[in-house]
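Asks: Sharing a structure here in structure tokens format.
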Amino acid sequence: MGPNIAIYPGSFDPLTNGHLDLIERGSRLFDSLLVAILRNENKTSLFTVEERAQMLCQAVQGLANVSVESFDGLLVRFAADRGARVILRGIRAVSDYEYELQMALMNRKLHPDLETVFMLPGEAYSYVSSRLVMEVFRVGGSVKDLVPAHVEQRLKAKGRI
Ligand code: PNS
């Protein structure tokens with residue numbers, strides 16, 4: 001068996017400290033971790049995929065076994081192309097579980113050899129989501145401590161959304 005490669009897929013719009021916490025945990029557990037940003041033309045996003053990739057790259061530059069790419073189409077196909085054996089996902093609370101269960105089982109149906117592994121982010125981030133970060137920012141609230149400083153700067157540079 002070759003290296004144990006895990007893929008951590010998501011929208012990352014924007015990257016939060018919760019994502020980053022999970023990336024750090026995953027990088028300690030697997031030989032390498034590929035952070036995969038979904039290119040979703042149907043979903044209106046705040047940041048372009050390129051902007052999200054830049055922010056992720058900056059955030060993981062100290063983690064030698066973590067890389068960042070974007071993908072479209074089926075996750076399991078992309079994961080298999082990259083030689084990944086594991087899909088990594090974070091579960092914050094019970095409310096995440098149902099959606100994650102469905103996705104994991106669908107992915108298993110599509111590609112039985114790929115295993116989904118769930119990890120818990122640090123409890124300080126159990127309420128942090130990209131959607132809420134965006135919502136708070138939109139109405140002028142502080143997102144300090146919820147996202148990396150460079151993401152906060154990018155948000156400010158976008159101005160009031
Ligand atoms: O951060 P998100 O938005 O919860 O991530 C969702 C993501 C990107 C993991 C999921 O939408 C996905 O894998 N999309 C790719 C298309 C696909 O493979 N769909 C079937 C999965 S059940």
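Asks: Might you report the magnitude of the Cβ-based charge dipole of the chain about its Cα centre, with Lys and Arg at +1 and Asp and Glu at -1, to the nearest 20 debye? If you can, show how the numbers build up before the last one.
Replies: Details: 19 positive and 19 negative charges, 58 e Å.
The dipole magnitude comes to about 280 debye.
Asks: Also, quick follow-up: Order 32-39, 87-94 from most to least packed using the mean count of other Cβ atoms within 10 Å.
Replies: On the way: 32-39: 22.4, 87-94: 17.5.
Packing order, densest peptide first, comes out as 32-39, 87-94.
Asks: Using 0.36 nm times the number of residues separating Y97 and D145, minus their current alpha carbon distance, what extension gain do you get?
Replies: Numbers: separation 48, 0.36 × 48 = 17.28 nm, distance 2.50 nm.
That works out to 14.8 nm of additional length.
Asks: Any idea which of G90, L38, M134 is furthest toward the positive side of the dipole for the chain, if Lys and Arg beta-carbons carry +1 and Asp and Glu beta-carbons -1?
Replies: M134
Asks: Let me see the pair-distance distribution of the stretch 5-158: every alpha carbon pair, 10 Å bin width, integer percents in order.
Replies: Distribution as computed: 11, 41, 38, 10, 1 percent.
Asks: List every residue whose amide H lies under 5 Å from the amide H of I7, counting only residues 5 or more places away in sequence or on a different chain, with H placed 1.01 Å from N in the peptide plane.
Replies: Hits under the 5 Å cutoff: L34, V86, I87, L88.
Asks: May I pose another question? Which order do the peptides 146-152, 40-46 take when ranked by the mean count of other beta-carbon atoms within 10 Å per residue, highest first? Intermediate values should be presented prior to the final figure.
Replies: Details: 146-152: 19.1, 40-46: 10.7.
Ranking, from highest mean packing down: 146-152, 40-46.
Asks: Further question: On a full-extension model of 0.36 nm per residue, what is the gain between M119 and Q54, subtracting their alpha-carbon distance, rounded to one decimal in nm?
Replies: Details: separation 65, 0.36 × 65 = 23.40 nm, distance 2.45 nm.
Fully extending the segment from M119 to Q54 adds 21.0 nm.
Asks: Give a residue-ordered list of calculated ³J(HN,Hα) values for the stretch 30-44 (Karplus: 6.51 cos²θ - 1.76 cosθ + 1.60, θ = phi - 60°; whole Hz; x for Gly, Pro).
Replies: Whole-Hz 3J(HN,Hα) from phi for the stretch 30-44: 10, 5, 8, 10, 9, 7, 10, 8, 6, 8, 10, 5, 7, 9, 6.
Asks: Now a separate question. Given contacts defined as C-alpha pairs under 8 Å and at least six residues apart, what's the relative contact order of the chain, whole-number percent? Can you show the working numbers first?
Replies: Working: 233 pairs, mean separation 46.9, N = 161.
Once divided by the residue count of the chain, the mean separation gives 29 percent.
Asks: Please work out the FRET efficiency for the pair D31 and R77, using the Cβ-Cβ distance as r and a Förster radius of 30 Å; give the result to the nearest 0.05.
Replies: Efficiency at R0 = 30 Å is approximately 0.90.
Every number here is computed from the coordinates shown, using simple stated rules; none is lab data. For clarity, every value in this text was computed on a predicted model and none was experimentally measured. Neighbour counts are summed over all protein chains in view; Cβ atoms, including those assigned to glycine, are modelled from backbone coordinates with ideal geometry.
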